[in-house]
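Written below as structure tokens is the structure these notes are about.
The values are calculated or read from the model by the stated rules, or taken from the named source; none is laboratory data. All figures in this text were calculated on a predicted structure; none of them were measured in a lab. Backbone-built Cβ (ideal geometry, glycine too); neighbour counts: all protein chains shown. The accessibility values were calculated without ligands, DNA or RNA, using every heavy atom of the protein model including side chains. Shrake-Rupley method; radii C 1.70, N 1.55, O 1.52, S 1.80 Å.
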Amino acid sequence: MQSGLFPEPSPAPLYTMALVSADSRIAELLTELHQLIKQTQEERSRSEHNLVNIQKTHERMQTENKISPYYRTKLRGLYTTAKADAEAECNILRKALDKIAEIKSLLEERRIAAKIAGLYNDSEPPRKTMRRGVLMTLLQQSAMTLPLWIGKPGDKPPPLCGAIPASGDYVAKPGDKVAARVKAVDGDEQWILAEVVSYSHATNKYEVDDIDEEGKERHTLSRRRIIPLPQWKANPETDPEALFQKEQLVLALYPQTTCFYRALIHTPPQRPQDDYSVLFEDTSYADGYSPPLNVAQRYVVACKEPKKK
């Protein structure tokens with residue numbers, strides 16, 4: 001032991017504390033979410049009696065073949081109650097969605113903290129490269145679990161919902177997934193799926209990691225080389241204007257890869273769970289485009305380059 005010499009405290013314990021704190025908060029939120037789900041069921045059971053009354057009243061009116069002032073007044077009261085019940089249930093569901101969003105955010109913060117702690121932990125061997133199939137499954141899960149934006153009546157979809165771009169002053173957070181334009185080994189430029197590590201306001205540049213760990217590359221890129229990915233799916237049934245339209249030029253993640261390529265929208269999603277159908281630019285086909293391929297909303301962004309003639 002060297003007298004008077006103390007090693008610098010490792011940052012790892014700080015991140016370990018952050019992990020424990022996140023775990024504790026997640027446990028609290030899961031308990032609150034469970035209570036909200038129970039409240040939803042209770043609210044639904046309570047309102048069911050009123051809905052049955054509405055149905056029976058309509059059946060009596062059909063049997064009597066007339067709409068008397070009595071039935072008109074009764075139905076008005078029943079529908080007023082049904083509307084209030086539906087709004088109460090809707091409010092509980094919105095609170096539940098907020099809890100789910102907070103849990104997902106904490107899980108992402110936890111993942112980043114664990115990743116940083118791993119960088120400072122010399123006692124553990126280097127992390128193995130993720131198998132290709134595992135990475136593709138994770139990307140698919142990320143697309144499937146992207147939340148659907150559900151606004152209140154009159155609300156417009158926010159930036160980063162579907163095809164709506166980020167605001168001009170938006171800065172992606174560490175852990176956010178983006179399309180990043182980088183130089184490939186052969187010198188050509190390509191758009192890759194990347195994760196934000198940091199952003200410097202002094203230089204207006206991002207540091208991003210290639211999501212494909214086989215590359216193990218970190219890139220320093222200007223803002224114009226970064227396109228944030230959507231943070232919500234747009235609902236085609238309520239917000240079709242928030243989706244890319246047929247024949248619009250986009251960048252889309254080619255299936256089973258981590259690279260974005262230019263494509264034309266063949267068909268936009270028709271239902272919330274649907275993917276885009278896109279035609280990738282491909283000179284090996286007579287018309288210059290591939291057959292239609294499905295790509296999730298999560299991995300389709302605007303292409304600022306002009307369409308090829």
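Failed condition for Ile192, given (1) free of Cβ contacts under 8 Å to residues at least 40 places away in the same chain; (2) under 16 Å from Arg298 (Cα atoms); (3) surrounded by 17 or more Cβ atoms within 10 Å (Cβ to Cβ), with all others met?
(1)
Can we say Ala202 is part of a strand (DSSP E or B), at negative phi and modelled with pLDDT of 95 or more?
So Ala202 does not fit the description; no.
Which residues, taken from region 229-255, are open to solvent by 30 Å² or more (accessible area, probe 1.4 Å) and either closer than 17 Å to Ile265 by Cα or not charged (D, E, K, R) (or both)?
Looking only at region 229-255, we keep the residues that are open to solvent by 30 Å² or more (accessible area, probe 1.4 Å), and these are 231-233, 237-238, 240-241, 245-248, 254-255.
If the condition is that a residue be open to solvent by 30 Å² or more (accessible area, probe 1.4 Å) and either closer than 17 Å to Ile265 by Cα or not charged (D, E, K, R) (or both), then Gln231, Trp232, Lys233, Thr238, Pro240, Glu241, Gln245, Lys246, Glu247, Gln248, Tyr254, Pro255 are the ones that fit.
Filter region 48-92 down to residues that are free of Cβ contacts under 8 Å to residues at least 12 places away in the same chain, open to solvent by less than 50 Å² (accessible area, probe 1.4 Å) and touching a Phe, Trp or Tyr at 6+ places or on another chain (Cβ under 9 Å), then give me how many there are.
The qualifying residues number 1.
Taking Ala286 as the residue in question, decide whether it is over 20 Å from the mean Cα position of the chain (by Cα) and part of a strand (DSSP E or B).
Working: over 20 Å from the mean Cα position of the chain (by Cα): yes; part of a strand (DSSP E or B): no.
Against the criterion (over 20 Å from the mean Cα position of the chain (by Cα) and part of a strand (DSSP E or B)), Ala286 does not qualify.
Can you tell me how many residues within region 25-47 are within 17 Å of Leu97 (Cβ to Cβ), open to solvent by 70 Å² or more (accessible area, probe 1.4 Å) and touching a residue at least 24 places away in the same chain (Cβ under 8 Å)?
Residues meeting the conditions: 4.
Going by the conditions given, is Thr257 closer than 20 Å to Ile226 by Cα and out of contact with any strand residue (DSSP E or B) (no Cβ under 6 Å at 6 or more places or on another chain)?
Working: closer than 20 Å to Ile226 by Cα: yes; out of contact with any strand residue (DSSP E or B) (no Cβ under 6 Å at 6 or more places or on another chain): yes.
Criteria met by Thr257.
If you take the residues in region 214-223 that are in contact with a strand residue (DSSP E or B) (Cβ under 8 Å, 6 or more places away or on another chain) and in contact (Cβ under 8 Å) with a residue 40 or more places away in the chain, which one is least open to solvent (accessible area, probe 1.4 Å)?
The extreme case among them is Leu221.
Would you check if Ile226 is surrounded by 20 or more Cβ atoms within 10 Å (Cβ to Cβ), closer than 28 Å to Pro174 by Cβ and modelled with pLDDT of 95 or more? Steps first, answer last, please.
Details: surrounded by 20 or more Cβ atoms within 10 Å (Cβ to Cβ): yes; closer than 28 Å to Pro174 by Cβ: yes; modelled with pLDDT of 95 or more: yes.
Criteria met by Ile226.
If you check Val197 against the conditions, is it open to solvent by less than 70 Å² (accessible area, probe 1.4 Å), at pLDDT below 95 and in a strand (DSSP E or B)?
yes
Give the residues of region 242-274 that are free of Cβ contacts under 8 Å to residues at least 40 places away in the same chain and among the charged types (D, E, K, R), sorted by residue number.
Lys246, Glu247, Arg271, Asp274
For region 158-187: of the residues being among the charged types (D, E, K, R) and open to solvent by 70 Å² or more (accessible area, probe 1.4 Å), which is farthest from the chain's Cα centre (by Cα)?
Applying the first criterion (among the charged types (D, E, K, R)) to region 158-187 yields 169, 173, 176-177, 181, 183, 186.
Remaining after also requiring open to solvent by 70 Å² or more (accessible area, probe 1.4 Å): 169, 173, 181, 183, 186.
Values: Asp169: 20, Lys173: 14, Arg181: 21, Lys183: 27, Asp186: 33 Å.
Once the filter is applied, the top-ranked residue is Asp186.
When you go through Lys115, Lys128 one by one, which is the residue that is open to solvent by 90 Å² or more (accessible area, probe 1.4 Å), modelled with pLDDT under 90, among the basic types (Lys, Arg) and more than 29 Å from Gln39 (Cα to Cα)?
Numbers: Lys115 fails: open to solvent by 90 Å² or more (accessible area, probe 1.4 Å).
Exactly one of Lys115, Lys128 is open to solvent by 90 Å² or more (accessible area, probe 1.4 Å), modelled with pLDDT under 90, among the basic types (Lys, Arg) and more than 29 Å from Gln39 (Cα to Cα), namely Lys128.
Testing Ile211 on (1) open to solvent by 60 Å² or more (accessible area, probe 1.4 Å); (2) closer than 18 Å to Ser142 by Cβ, one condition comes back false. Which one is that?
Evaluating Ile211 over (1) open to solvent by 60 Å² or more (accessible area, probe 1.4 Å); (2) closer than 18 Å to Ser142 by Cβ leaves (1) as the failure.
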